[in-house]
Amino acid sequence: DAGVIQSPRHEVTEMGQEVTLRCKPISGHNSLFWYRQTMMRGLELLIYFNNNVPIDDSGMPEDRFSAKMPNASFSTLKIQPSEPRDSAVYFCASSLSTGQNQPQHFGDGTRLSIL
Amino acid sequence: RKEVEQDPGPFNVPEGATVAFNCTYSNSASQSFFWYRQDCRKEPKLLMSVYSSGNEDGRFTAQLNRASQYISLLIRDSKLSDSATYLCVVNVLNTGKLIFGQGTTLQVKP
């Protein structure tokens, strides 16, 4: 079975450019999560969706970040304009629901470098 | 104070050793608890859930102490393949929002 699919796997771009990260959750999963991981701050939740609706975006660092989930099988995380401090690994995860003890399954991540 | 705190290590142990990791959480309303494993440059993967009565999965034993807000993971008979970072994870109020600790790095040596 296909797991969570993220693209691209790696992205290197210059500051000021728009960056779009993509995620396809596991089929049948109703909850989708975007995380950012850095050495300094560890793994941080940015935003999560339940049934395509954003539930909590309190982790989104600032207005340069936006996320959408137009349908149950696709989500994007956009950074515009990008800055060097946005360099990190961005993970997408999905779960059947947000209920108790529902594990989250992570994609391989996108390694983002902003020069 | 961080919501979930772990000793970052690294823990360097020989093969066959028993090693224990601890984790504390600050929100007494926390409902669900997990240990995830993350290999270098890979995604986190669920290792095991942690139940109030404690639970075991092969060489791995997880314990929860709600009164002390403390979670532990015990690995017996360590294998080289156990080398990874172990993340303590808490779900507050069943919101679906997982709070990850910084992780404890384990290196098992031959």
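Observations
- Answer residue from the range B:101-110, given it is within 10 Å of the chain's Cα centre (by Cα) and either within 11 Å of chain A (Cβ to nearest Cβ) or closer than 18 Å to A:His105 by Cα (or both) and is surrounded by the fewest Cβ atoms within 10 Å (Cβ to Cβ) among those: B:Gly103
- Taking the range A:1-31 as the range and being modelled with pLDDT of 95 or more and aliphatic (A, V, I, L, M) as the test, the residues that pass are A:Val4, A:Ile5, A:Val12, A:Met15, A:Val19, A:Leu21, A:Ile26.
- A search for C-beta distances below 9 Å between a residue of the range A:35-46 that is more than 9 Å from chain B (Cβ to nearest Cβ) and any residue that is of a type in the set (Lys, Arg), counting only pairs 6+ apart in sequence or on different chains, returns A:Leu46/A:Arg36.
- The residue of the range A:75-115 that is farthest from the other protein chains (Cβ to nearest Cβ), among those that are of a type in the set (A, V, I, L, M, F, W, C) and under 20 Å from B:Lys97 (Cα atoms), is A:Leu77.
- Residue match in the range B:66-86 (condition: within 14 Å of chain A (Cβ to nearest Cβ), farther than 19 Å from A:Ala93 by Cβ, out of contact with any helix residue (DSSP H, G or I) (no Cβ under 7 Å at 6 or more places or on another chain) and surrounded by 13 or more Cβ atoms within 10 Å (Cβ to Cβ)): no
- The set of residues from the range A:1-59 being more than 30 Å from B:Glu5 (Cα to Cα) and acidic (Asp, Glu) comprises A:Asp1, A:Glu11, A:Glu14, A:Glu18.
- In the range B:2-60, the residues that are within 10 Å of chain A (Cβ to nearest Cβ) and aromatic (Phe, Trp, Tyr): B:Phe33, B:Phe34, B:Tyr36, B:Tyr51
- Breaking point among (1) at pLDDT below 95; (2) over 16 Å from B:Arg41 (Cα atoms); (3) crowded, with 19+ Cβ neighbours inside 10 Å, for A:Leu43: (2)
The values are calculated or read from the model by the stated rules, or taken from the named source; none is laboratory data. Only a predicted model underlies this, so the values are computations on that prediction, with no experimental measurement involved. Don't worry about glycine lacking a Cβ; one is built from the backbone with ideal geometry, like all the others, and counts go over all protein chains shown.
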